[in-house]
1. For segment A:21-78, please list each of the strands (runs of 3 or more DSSP E) lying entirely inside it that holds at least 3 residues being touching a residue at least 40 places away in the same chain (Cβ under 8 Å).
2. Which one is nearest to B:L266 (Cα to Cα), of the residues in segment A:235-268 that are out of contact with any strand residue (DSSP E or B) (no Cβ under 9 Å at 6 or more places or on another chain), away from ligand 3 (no atom under 16 Å from the Cβ) and at the interface with chain B (Cβ under 10 Å from one of its Cβ atoms)?
3. Whether any residue in segment A:242-254 is in contact with a Pro (Cβ under 7 Å, 6 or more places away or on another chain) and either within 16 Å of ligand 2 (Cβ to nearest atom) or closer than 30 Å to B:K239 by Cβ (or both) is what I want to check.
4. Across segment B:203-215, what is the total count of residues that are within 25 Å of B:M185 (Cα to Cα) and surrounded by fewer than 22 Cβ atoms within 10 Å (Cβ to Cβ)?
5. Can you name the residue in segment B:316-340 that is of a type in the set (G, A, S), within 10 Å of B:G415 (Cβ to Cβ) and touching a Phe, Trp or Tyr at 6+ places or on another chain (Cβ under 8 Å) and is also farthest from ligand 1 (Cβ to nearest atom) among such residues?
6. Just to be sure, is B:A340 away from every other protein chain (no Cβ under 12 Å), hydrophobic (A, V, I, L, M, F, W, C) and surrounded by fewer than 21 Cβ atoms within 10 Å (Cβ to Cβ)?
7. Out of segment B:299-316, which residues are without any contact (Cβ under 8 Å) to a residue 60 or more places away in the chain and either in a helix (DSSP H, G or I) or within 16 Å of ligand 3 (Cβ to nearest atom) (or both)?
8. Inside segment B:144-173, can you point out the residues that are within 17 Å of B:G52 (Cα to Cα), surrounded by fewer than 17 Cβ atoms within 10 Å (Cβ to Cβ) and charged (D, E, K, R)?
Amino acid sequence: MPYEILEKKELGRSGTIYEMVLRTPLIAKKAHAGNFVLLRVNETGERIPLTVADYDREKGTITLVIQVVGKSTKLICNQNVGDQILDVVGPLGNKIHIKRYKNPIVVIGGGVGIAPCFPQAKELRDAGNEIITILGARNKGLLIWKEKMKTVSDELIITTDDGSEGMKGVVTDPLKQIMQKRKISLVIAIGPLVMMKYVALTTNGLGDLPKVKTFVSLNTIMIDGTGMCGCCRFSTLEGDIQFACVDGPDVDGHIVDFDNLLKRAGRFLEQERDSMECYDEECRALEQLKKEVI
Amino acid sequence: MKKKIEEDSKSSNSLSKRSKSKLTNSEELHRIEMKQQDPKIRITNFEEVSLGLTEEMVELETQRCLQCGKPLCISGCPVNIKIPQFINLLKEKNFIEALYKIKADNLLPAICGRVCPQETQCEQACILNRQGEPIAIGYLERFIADWERKNNLKECPECAAPKGIKVAIIGAGPAGLTCAGELAMNGYDVTIFEAFHAGGGVLIYGIPEFRLPKDIIKREIETLEMLNVKMEYNSIIGKILTIEDLRDMGFKAIFIGVGAGLPILLKIPGLSLNSVLSANEFLTRSNLMKAFRFPKYDTPVKIGKIVTVIGGGNTALDSARTALRLGAEKVIIVYRRSEAEMPARKEEYHHALEEGIEFQFLTNPVRFIGDDNDNVSQMEVIKMKLGEPDESGRRRPVRIEGSEYLIDTDTIIIGIGTRANPILTKSIPELKLNKWGYIETDENGQTNIEGIFAGGDIVTGSATVITAMGAGKKAAHGIVKYLQEKYLEKK
Ligand SMILES: Cc1cc2nc3c(=O)[nH]c(=O)nc-3n(C[C@H](O)[C@H](O)[C@H](O)COP(=O)(O)OP(=O)(O)OC[C@H]3O[C@@H](n4cnc5c(N)ncnc54)[C@H](O)[C@@H]3O)c2cc1C
Ligand SMILES: Cc1cc2nc3c(=O)[nH]c(=O)nc-3n(C[C@H](O)[C@H](O)[C@H](O)COP(=O)(O)OP(=O)(O)OC[C@H]3O[C@@H](n4cnc5c(N)ncnc54)[C@H](O)[C@@H]3O)c2cc1C
Ligand code: FES
């Protein structure tokens, strides 16, 4: 079954983030906020997890937002409209629990993690919740889906590390201010591990701020996405083991042992670098060949 | 030896007069040994270890068969292949008929010839086993399947006329593939839904290339496609489609063969250290994702200098031997029982020994110890002794207090078994499961829900390829009976 790329566009101004729309009618029919897919570009490719950032059940499409961080994400982003992706499996993971909460929900997206926030904010707002959104990025050029997030937020706050847009600082700054002023029912944080760790530390009730239930979305390394390999496992602070693919990917941020997870995330660094170098070399050779042919 | 057999009245009863007279003759010949790649060379490649039999070897081996009147081997085979008949055809060099004879009972001989535990099945039952030299039935089975492949034949049995009734198979492991084949031959319109991007189940993601070349599985699936079986990959039932969806799509019966794929992890301290991984992860990376060809293939696998594998089954042995081929300097297998209780195929154990794998029996892990970067560096183990038999009939290992010691290691692979994957069964709440999450069926493979059948590891727990195939076949017969009664006889 081929999975065709129907649309592709660059997001932000960093040249590293792309939005792609894929034709996957069956997945589109079943997808919900919180789900992800595993995608393999070609025969030699690896299976990588990407969140379903939007879906259109009628058109039979899903939207992915991908940041180039290594070989596989680069390979995907080098594909163009009309190209086929070899394998797309999903929808995987648990959909988020949708209900009407008493107080507002704070949705925090960091970097490319902003995209997966969209369906969550949308479905929760459709259920009658008040959504306060905080978007964080290193700089203005890396900020994505601002307008789209506006459409599903009652209030939108932006932070950048360098102050090139919105508040200068990190997402936990406005979060603290909000928590001091108002009662919050739920916090959802999706972004880099370090960001999610600090959000969880802010809301765990161990400091001066009240405890607020917090969901984080774990982006561990995965293979099958069905609980079969244990590659995506994470440790809770109490030492229990859970699997991100079937117990998550959205999990209670207060139980996650982030320090261990950060160390696990780096376990293939050497191989990832080799893989990237080989691919870059291949791309250069191909460019050279094209030039010579012309 | 000969005397012993004659004394054994039961066994001589089962010998025909003809075979008795041949007994002396067959004793002069010895069981054939298969050629293998030299252990020193084979640990540097992923090519097949055993090289198969030559025609001359087959000639010698088939002469040894007594052609018993009441053959015990057939009942030793979970799918009752007509073993003496196919051996006789082989002896007459009628290879094509020999192939048909096997395929009538077993569509996947190239696979079974390689991975079945013959020593506990047909070859154990073989009358010549009493002299310790049973006919090499597995080798002969493999020979004929390889002959088919070498001659580029793809023999598949005749199919009955199409009945226009759709059946869905969930899972393309040996159980699902066999069930699909049987149903297709009976004229049913079969579609297999498989979670992965390739079929074969454990055969493709678990068992390594050097034991079962993946090309063989591909061909066996092509044979099914010749029978008009449709393959839908990347389809996790319970996620992308539910049982209700399948019924809405017009499938009149459903077979569940989703295996028991969930790894059991040792709940001991240090489990979340880096380079502690399940055999499933390690083998899936290497086999299905072809990490042994990284960076040509994108999936990486990391291998340390000293790899320790925990477990005593095929999974543990496959992991250990794969680690060796990926460049580990030393590979140790730690198993809590003794050599005699090891559930692995005997031949694989011998191969592992030849390859230099170190075995530490009656040894059980206590904890994994890591360095400052959370990379594993040591494993603490404790010595065990065998106590009273447990429910499996094997003697239960008990700890010898105070016998703890440390093993230096930088990669730990846990291969102590698997359990049921709940993804599908959770999506059918009314399906009856036992307390371990395996599906309950009757003797026809029928579950408690009408039209839904099941078989293989998801019913029995981890077993063998051939038992899964046997279950697939049995369920296919159950499905045929069900569909005939419900849809065909009424017409
Ligand atoms: C449930 C889930 C949802 C995700 N959703 C998105 C998304 O919507 N958009 C997006 O851009 N990224 C998403 N990711 C992360 C994305 O899968 C990784 O960035 C990608 O796999 C990296 O592959 P690579 O070969 O390009 O980089 P690599 O060279 O493999 O690695 C670069 C870095 O990414 C991390 N990484 C490597 N492999 C994986 C992996 N399989 N999964 C996660 N992290 C990995 C490594 O720790 C490494 O530091 C998600 C991950 C998960 C688990
Ligand atoms: C490493 C290893 C080595 C082994 N070696 C031997 C050996 O030498 N000899 C021997 O006889 N036995 C061996 N075994 C055991 C043997 O492989 C199994 O008993 C057998 O494969 C079980 O077959 P099955 O069809 O029941 O399940 P599986 O082979 O597990 O196949 C199940 C299939 O279903 C798919 N699936 C799961 N869930 C879903 C879903 N929801 N939707 C769609 N598809 C799904 C899976 O992806 C898989 O392809 C070994 C096992 C392992 C793990
Ligand atoms: S990805 Fe394999 S268990 Fe989660």
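1. Working: elements: A:36-40, A:48-51, A:54-56, A:61-67.
Passing ranges, in order: A:36-40, A:48-51, A:61-67.
2. So, considering only residues that are out of contact with any strand residue (DSSP E or B) (no Cβ under 9 Å at 6 or more places or on another chain), away from ligand 3 (no atom under 16 Å from the Cβ) and at the interface with chain B (Cβ under 10 Å from one of its Cβ atoms), the one nearest to B:L266 (Cα to Cα) is A:G239.
3. Taking segment A:242-254 first, the residues in contact with a Pro (Cβ under 7 Å, 6 or more places away or on another chain) are none.
The answer is no, given that none of the residues of segment A:242-254 is in contact with a Pro (Cβ under 7 Å, 6 or more places away or on another chain) and either within 16 Å of ligand 2 (Cβ to nearest atom) or closer than 30 Å to B:K239 by Cβ (or both).
4. Let us first name the residues in segment B:203-215 that are within 25 Å of B:M185 (Cα to Cα), namely B:203-204, B:214-215.
Next cut, surrounded by fewer than 22 Cβ atoms within 10 Å (Cβ to Cβ) only: B:214-215.
Residues meeting the conditions: 2.
5. We begin by selecting, within segment B:316-340, every residue of a type in the set (G, A, S); these are B:316, B:319-320, B:323, B:327-328, B:338, B:340.
Subset that is within 10 Å of B:G415 (Cβ to Cβ): B:316, B:319-320.
Adding the requirement that they be touching a Phe, Trp or Tyr at 6+ places or on another chain (Cβ under 8 Å) leaves B:316, B:319.
Numbers: B:A316: 26, B:S319: 21 Å.
Only one residue tops the list, namely B:A316.
6. yes
7. Step one: filter segment B:299-316 for residues without any contact (Cβ under 8 Å) to a residue 60 or more places away in the chain, giving B:299-301, B:312.
Of everything in segment B:299-316, those that are without any contact (Cβ under 8 Å) to a residue 60 or more places away in the chain and either in a helix (DSSP H, G or I) or within 16 Å of ligand 3 (Cβ to nearest atom) (or both) turn out to be B:T299, B:P300, B:V301.
8. Residues satisfying the conditions are B:R149, B:K150.
The values are calculated or read from the model by the stated rules, or taken from the named source; none is laboratory data. Being a predicted model, the structure only gives us computed values, none of them experimental. No Cβ is skipped: glycine too gets one built from the backbone with ideal geometry, and neighbour counts run over all protein chains shown.
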